[in-house]
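**Q** Sharing a structure here in structure tokens format.
The values are calculated or read from the model by the stated rules, or taken from the named source; none is laboratory data. Predicted model, so just to flag it, every value in this text is computed and none were measured. Heads up, the Cβs are rebuilt from the backbone with ideal geometry, glycines too, and the neighbour counts pull from every protein chain shown. In case anyone asks, the SASA skips ligands and DNA or RNA and just uses the protein heavy atoms, side chains included. Shrake-Rupley method; radii C 1.70, N 1.55, O 1.52, S 1.80 Å.
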Amino acid sequence: MKDWQSAHITREAPDTQHNWNAQHAEHTEYAGHAEHSRTPNNTCAEHNISWHINWHIPWHTVSFVFLACLALVTALVASSAPLAHAATHSATSPTATAQTSAATHTAAAHTRPHPQAYTALAQGKAPAIITLLGLPEEQATSPLDLSDEQLCDNLVAASADKPSQIITTRDLQTLKNQASAVDRFSAAQSLATAEAGPLQPQLFAARLQKCTLPGQYEPLSSQEREKIISQASATADEAVQESQGTSHPLTRHELHYCVATRGSVSESLEQFENKIFRTLNSPESWPRAGVTFRFAHAASASGSDGASGVNANSGADSSSSAAADSAANSADCDFTLWLSEASQVLSFSSYCSVEYSCRVGNAVIINQSRWNEPTSSWLNGGGNLENYRTMVLNHEVGHRLGHMDNENVCQAANGPAPLMQEQSISLRGCSIRWWPQSLELWTAGL
């Protein structure tokens, strides 16, 4: 299904330097004309005439007048030379004047920040916006001058409440109110984009959207997993307790999942599983519906404790694919999360699509193409690769918990989309969301 949305971006960058140059040229042309139209009846000439007529003027007085005239002429020549030069060029070659103006504007653009930055500062907006563009006395620097790796490192630092080149100190305080690491990361991206939006081309936002949060993929020790499970269990237990006596009481569940790959998959299955574990057990995710998740094993793991020894290329040929299917369908897996090559997604069911992820029975299939590149619907909504992966995992596992696509819509225009809405296809006037809403906190068929 093709996405109906299209991006429409208008960039406004008034060329204030060019306008100034044009006015400057007009002024200098007039000044040059005035310079050439001066009459000989000036102060120095009058003194010279007096000197020739009256020889009785004391010598020291004559010397004083002569030196004063000389200083005045020198000052006039020094101040009018650039104006006369500009007037000469304007009169003899309009093209040369335009080229000079353009060259001056280009040079200015490379030696100082954009004038809009100073306008923003003067209006009390974005107090650290100058950090984006470089100090006046330095060569202009901007996030566009950073490598993708440096830019993403700055975004990660900002989301961790550390100094960063791309957002303000004031905004760092805002990030402290975000609940999860993914939420802080996404907020940092939005803040950085908002800061630089009026000053930088679309490329800046597009590069930020490709960044991921390394901490979501790092290995987890047994102790770290138990700490995460403990927090998730506390959230789930509280949710179940609070639901008692309501019309929809929750039931406490702990599900075991396996991971596997199908087709040619270049991603690390270990990192894939680390992201799954952190996402599904986040206090913002399905534990709020009374469900926690434990990792059972990978299709080709060497052991059952953790994801160590995972072969990211399992499923590359028919024999390993059969072994992966057998391991993924074992009794200790309540469901299996598959990372599948896009062309192989249809092998699970004709209901699936090479474009998106899907769920078939106990198989939760994540399309590798979508894992690496969100849809335009999501990106146009201001999302990024990291929160898209979070949304896809929560959404597809939501199907395993009994939810249907588009069972709810956002309550108001630009309101947060329900997690189970097909946000990959269309936001339907909603804003993106990667965690389940309160109205989605229920399970069925477990």
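**Q** Could you pull out every residue, at least 5 positions away or on a different chain, whose amide H is within less than 5 Å of the one on ALA298? Hs are placed 1.01 Å off N in the peptide plane, and Pro or chain starts have none.
**A** Amide H neighbours of ALA298, under 5 Å, 5+ apart: VAL259.
**Q** Explain nothing, just compute: Karplus ³J(HN,Hα) = 6.51 cos²θ - 1.76 cosθ + 1.60, θ = phi - 60°, for every residue of segment 233-241 in order, whole Hz, x for Gly and Pro.
**A** My calculation for segment 233-241 gives 5, 4, 5, 5, 4, 5, 5, 5, 4 Hz in order.
**Q** Between MET404 and GLN178, how high is the FRET efficiency from 1/(1 + (r/R0)^6) when r is the Cβ-Cβ distance and R₀ = 35 Å? Nearest 0.05.
**A** Working: r = 30 Å, r/R0 = 0.85.
Efficiency, rounded to the nearest 0.05: 0.75.
**Q** A further question follows. As a test of reading the structure, rank TRP434, TRP286 by solvent-accessible area (1.4 Å probe, protein chains only), most first. Before the final figure, lay out the partial values.
**A** Working: TRP434 40, TRP286 0 Å².
Heavy-atom accessible area, descending, gives TRP434, TRP286.
**Q** Just to be sure I understand the model, the point goes 7 Å from the Cα along the line to the Cβ. What's the resulting SER222 to TYR351 distance in nm?
**A** The modelled label-to-label distance comes out at 3.9 nm.
**Q** Here is a follow-up. For THR169 and GLU238 in one chain, what is 0.36 nm times their gap in residues minus the Cα-Cα distance, to one decimal in nm?
**A** Details: separation 69, 0.36 × 69 = 24.84 nm, distance 3.58 nm.
Here the answer is 21.3 nm.
**Q** Which chymotrypsin sites (Phe, Trp or Tyr not before Pro) in segment 341-396 pass both tests, a DSSP loop state and at most 14 other beta-carbon atoms within 10 Å? If you can, show how the numbers build up before the last one.
**A** Values: sites: PHE348, TYR351, TYR356, TRP371, TRP378, TYR388; in loops: PHE348, TYR351, TYR356.
Qualifying residues, ordered by number: TYR351.
**Q** Could you grab the relative contact order for segment 329-446? Cα pairs under 8 Å, six or more apart, rounded to a whole percent. Write down the numbers at each step before the final one.
**A** Working: 188 pairs, mean separation 24.4, N = 118.
Rounded, it is 21 percent for segment 329-446.
**Q** In whole Hz and in residue order, list the ³J(HN,Hα) couplings for segment 355-362 that follow from phi through the Karplus curve 6.51 cos²θ - 1.76 cosθ + 1.60, θ = phi - 60°; x for Gly and Pro.
**A** 8, 10, 8, 7, 9, 10, x, 8
**Q** Let me ask another. Mind giving me the nanometre distance, one decimal, between the label points for ASN414 and SER376, set 7 Å out from Cα along Cα→Cβ?
**A** For ASN414 paired with SER376, the spin-label model returns 2.3 nm.
**Q** Mind checking segment 231-304 for trypsin sites (Lys or Arg not before Pro) that DSSP puts in a loop (not H, G, I, E or B) and that have at most 16 other Cβ atoms within 10 Å?
**A** ARG252
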